[in-house]
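A.B. asks: Quick one: this structure, given as structure tokens, is what I'll be asking you about.
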Amino acid sequence: MASIQKTKNGTWRVQIEMRGRRDYKTFPTKALAIGWANERETDMAQGKVRSSSQAERTPFATVIQTYRVRELPKLRNRSSKFMLNTLEQRFGRYRLVDLQMKDFANFRDDRLDDDLAPATVLKELNLARRLIDYAIKDLSIYLPSNTARLVDNPHVENDRDRVFISDEEEQRLFEAFPNDNYRHIGALALESACRLGEMLKMEWHHVDFTRRTLTVPKPNTKTEVKKTVPLSSRAIAILESRPGRRRGRVFNCWAAGDSFQNGYKRAIVRARKKYESDCELAGQEPHPELLVDLRFHDFRHIATSRLAKFFPNVIELSMVTGHQDLKMLKRYYHTTPEELAKRLP
């Protein structure tokens, strides 16, 4: 039977309970409330609708907390922890049934107004979408739709065009590295196009010096697909020059990527300051782009561009770099018109 009550703000709230199912809705007039109640009771009696009572009772914060306990430990992306905190602060008090498209649109716009990168805002929106999907699929909470998926994404332009490092940049940066550990992992990145995480988790038994290959097991790859990377003679020489016994991790001097990245950023700053100082002594104007906006992940981009000269076949190049999506590989594959012209008869 339907229960219709007038709220304090003058609207009419309908509550329907039938065969253990509950449904709620609020209307501006009593006539609309009665009409919807009659229609809803008929549909519920015929089994045409599912109850949203659990979504009425469940705050979004409960879903976030459940996801934090059950799913977060499985994720390799450490930023998810902080994004969950952001979403909980913004939407935690909302009941699932109350989450609307405009709420997520406003969240998107507010985050962009706070000068967050569009790519970061997109990650937060995607996590919100996954949370609602998680509530529907894993927690069996009925919702008619995932309203977060109805919101337009912010426009993201995150293609990197850092495909080249000059000899001077490379020399100055490697001189600024604090020790050989940084020099070895930097040189290996430029030779193999491996990701930082793959190299930090690399163990000696993954390297086959005879076959000149590096096996990256499934858990250590971004795509969670096992890959075998062919190694150049210089890459082999770098690995052979590593001190110590060949047991355990090859680069066991860093506990995680953050430790390496912090040292790398400091080295970039040192190298740029030394370059500017040398230019001042020589009475020269420093080049505005030298040792500027050079991230370590750009080494993979630069290495792939170098390897493309040896592997003009994109399929072969993907086998070396481990790219599963050739569209993504295209971002790293760069050939100048002059180089293409040289291949023509």
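A.B. asks: Within the range 63-101, how many residues are in a loop (DSSP other than H, G, I, E, B) and more than 15 Å from residue 126 (Cβ to Cβ)?
C.D. replies: Final tally of qualifying residues: 7.
A.B. asks: Right, something else. Residues 234, 266: which one is open to solvent by 60 Å² or more (accessible area, probe 1.4 Å), closer than 29 Å to residue 168 by Cβ, of a type outside the set (A, V, I, L, M, F, W, C) and touching an Asp or Glu at 6+ places or on another chain (Cβ under 7 Å)?
C.D. replies: 234
A.B. asks: Go through the residues of the range 176-187 one by one and say whether even a single one is surrounded by 17 or more Cβ atoms within 10 Å (Cβ to Cβ), outside any helix (DSSP H, G or I) and without any contact (Cβ under 8 Å) to a residue 40 or more places away in the chain.
C.D. replies: No, every residue in the range 176-187 fails to be surrounded by 17 or more Cβ atoms within 10 Å (Cβ to Cβ), outside any helix (DSSP H, G or I) and without any contact (Cβ under 8 Å) to a residue 40 or more places away in the chain.
A.B. asks: Are any residues in the range 12-31 modelled with pLDDT of 80 or more, loosely packed, with under 15 Cβ neighbours inside 10 Å and more than 43 Å from the chain's Cα centre (by Cα), and if so, which ones?
C.D. replies: Answer for the range 12-31, where residues must be modelled with pLDDT of 80 or more, loosely packed, with under 15 Cβ neighbours inside 10 Å and more than 43 Å from the chain's Cα centre (by Cα): 28, 29, 30, 31.
A.B. asks: What residue, of 145, 166, is within 30 Å of residue 307 (Cβ to Cβ), out of contact with any helix residue (DSSP H, G or I) (no Cβ under 6 Å at 6 or more places or on another chain) and small (Gly, Ala, Ser)?
C.D. replies: None of the others qualify; the one that does is 166.
A.B. asks: Out of (1) in a helix (DSSP H, G or I); (2) exposed (fewer than 11 other Cβ atoms within 10 Å of the Cβ), the odd one out for residue 304 is which?
C.D. replies: So residue 304 meets the others, but not (2).
A.B. asks: Okay, next question. Residue check, residue 135 against (1) within 28 Å of residue 189 (Cβ to Cβ); (2) open to solvent by less than 30 Å² (accessible area, probe 1.4 Å), all met but one. Which one?
C.D. replies: (1)
A.B. asks: Somewhere in the range 85-95, is a residue within 28 Å of residue 300 (Cβ to Cβ) and either open to solvent by 80 Å² or more (accessible area, probe 1.4 Å) or at pLDDT below 95 (or both)?
C.D. replies: no
A.B. asks: Then there is this: Can you tell me which residue in the range 274-301 is most open to solvent (accessible area, probe 1.4 Å), limited to those that are acidic (Asp, Glu) and in a loop (DSSP other than H, G, I, E, B)?
C.D. replies: Of everything passing the filter in the range 274-301, 285 is most open to solvent (accessible area, probe 1.4 Å).
A.B. asks: Sort through 251, 209 and tell me the only one that's open to solvent by less than 60 Å² (accessible area, probe 1.4 Å) and in contact (Cβ under 8 Å) with a residue 60 or more places away in the chain.
C.D. replies: One residue alone meets the criteria, 251.
The values are calculated or read from the model by the stated rules, or taken from the named source; none is laboratory data. Treat the numbers as computed from the prediction; the structure is a model and nothing was measured. Note that each Cβ is placed from the backbone with ideal geometry, even for glycine, and that neighbours are counted across all protein chains shown. Just so you know, the surface numbers come from the protein's heavy atoms only, side chains and all, with ligands and any DNA or RNA stripped out. Shrake-Rupley method; radii C 1.70, N 1.55, O 1.52, S 1.80 Å.
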